[in-house]
Amino acid sequence: MIPDSQMLRVESTRNHYHEELLERHPENPILTAADWPYAVNSVFNPGATLLPDGTTLLLCRVEDRRGHSHLCAARSRNGLDGWEIDELPTLAPDPKGHPEELWGIEDPRITFVPELGRYAVAYTAYSPAGPAVSLALTEDFRRFERYGVIIPPEDKDAALFPRRIAGRWALVHRPVITTMGAHMWISFSPDLRHWGHHKLILPARRGAWWDSAKVGLGPPPIETPLGWLVIYHGVKMTVSGAIYRLGLALFDLDDPTRCLRRSEEWFFGPEAEYERFGDVNNVVFPCGCTLGSDGDGITLYYGAADNKIAVARGSLSAMLSWLERNGSSEDGRAG
């Protein structure tokens, strides 16, 4: 017979157990300002993609010593080390041609679009008018076709879906509404330039929830047999500041305005020292991920404390199973 004291310890362990969906790389952070070939303040929030030869490309947000950001590419054969970094900014602000970029460009999310044969880079353009969503297309991350602002201020955290849905392009984004929270929306377009049919798809939850202050897209939506899997960040305001953590949501493949399931708990948050302390403490903020050749392994790249880049690995099937066990099917709108 197990003594009562031991039973209490067993129950305590069970009650405090939570499943780890992502394993941090032991050499984190993998990129910092010290790695850059020119003087910068910080590097973080990279978009990510796999190039045709298997090389991992990170399009990193790089903040200079004025506080303005630009985008710079880093390439690695294994996606973990041996990074080759562009000697100059890969995509720099163009305030003369695009005055909406006067204060910099930030937080890129990369989607390869087979129909176009090009990569779509959605990023935040920042100016005195506020943050806006801009779009650029590229074949090689050397030359870019800028579309300019596609969603006006204040808006950010945007990514394009990789294919048309019911004949239209779809874009997830996050309008900034400070008085009522900040929520995830979806918009549709016939040509990537003119956007409408806007709809709220994932609201920030009020009260004591971990994602009560605002929510926003992480990497671009991932197509799975069960739906579009979205890794999103949620923010909770505390007396000591904001905490950025990650949750999961699943949207209908044919109608991504429908949230099928949303996690009630966060599954990844700032725990390591490099995530808890930096230019902005207590932040994990992913903008990109890559998938393994098996279609299941996921490598997530994220900004840690707004001044360095880290990586963690997991499994899509494990994420979907966890979401089934730890999510709500009430249209994702638990309040």
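Throughout, read-outs are computed from the coordinates displayed, never taken from laboratory work. None of the values given here were measured: they were computed from a predicted structure. So basically every Cβ, Gly included, is an ideal-geometry build from the backbone, and we count neighbours across all protein chains shown.
A full extension of the chain between residue 53 and residue 272 corresponds to an added length of 75.6 nm, given 0.36 nm per residue minus the alpha carbon distance. Take the Cβ atoms of residue 116 and residue 77, set R0 to 30 Å, and the FRET efficiency comes out at 0.70.
Compute the signed sum of charges (Lys and Arg +1, Asp and Glu -1) over the other residues within less than 13 Å, Cβ to Cβ, of residue 274. Result for the local shell: -3.
The phi torsions of segment 228-242, fed into the Karplus equation with coefficients 6.51, -1.76 and 1.60 and a -60° offset, translate into couplings of 7, 8, 10, 8, 10, 9, x, 10, 10, 8, 10, 5, 9, x, 7 Hz, rounded to whole numbers, with Gly and Pro shown as x.
For segment 101-142, trypsin sites (Lys or Arg not before Pro) meeting the loop criterion (DSSP other than H, G, I, E, B) and having at most 16 other Cβ atoms within 10 Å: 142. Distance between the pseudo-spin-label points of residue 142 and residue 257 (7 Å out from Cα toward the beta carbon): 4.3 nm.
Checking (1) 30; (2) 26; (3) 17 against percent of Cα pairs over 35 Å apart calculated from these atoms, the matching label is (3). Note on the chain: GNM, Cα springs under 10 Å; of 245, 174, 276, the largest mean-square fluctuation is that of 276. With the charge dipole of the chain set up from +1 on Lys and Arg Cβ and -1 on Asp and Glu Cβ about the Cα centre, the Cα lying farthest toward the positive end among the listed residues 152, 73, 228 is that of 152.
With a Förster radius of 30 Å, plug the Cβ-Cβ distance of residue 34 and residue 208 into 1/(1 + (r/R0)^6) and report the FRET value to the nearest 0.05. The partial results should precede the final answer.
Details: r = 39 Å, r/R0 = 1.30.
Plugging the Cβ-Cβ distance into 1/(1 + (r/R0)^6) gives 0.15.
What the Cβ-Cβ distance of residue 318 and residue 194 gives, at R0 = 51 Å and to the nearest 0.05, is a FRET efficiency of 0.85. Express the relative contact order of segment 217-335 as a whole percentage, based on alpha carbon pairs under 8 Å and six or more residues apart in sequence. Relative contact order comes out at 22 percent. Legend: distances between Cα atoms for 214/308; 96/199; 156/236; 96/156; pairs beyond 25 Å are 96/199. Charged side chains reduced to their Cβ positions (Lys and Arg at +1, Asp and Glu at -1) give the chain a dipole of some 700 debye around its Cα centre.
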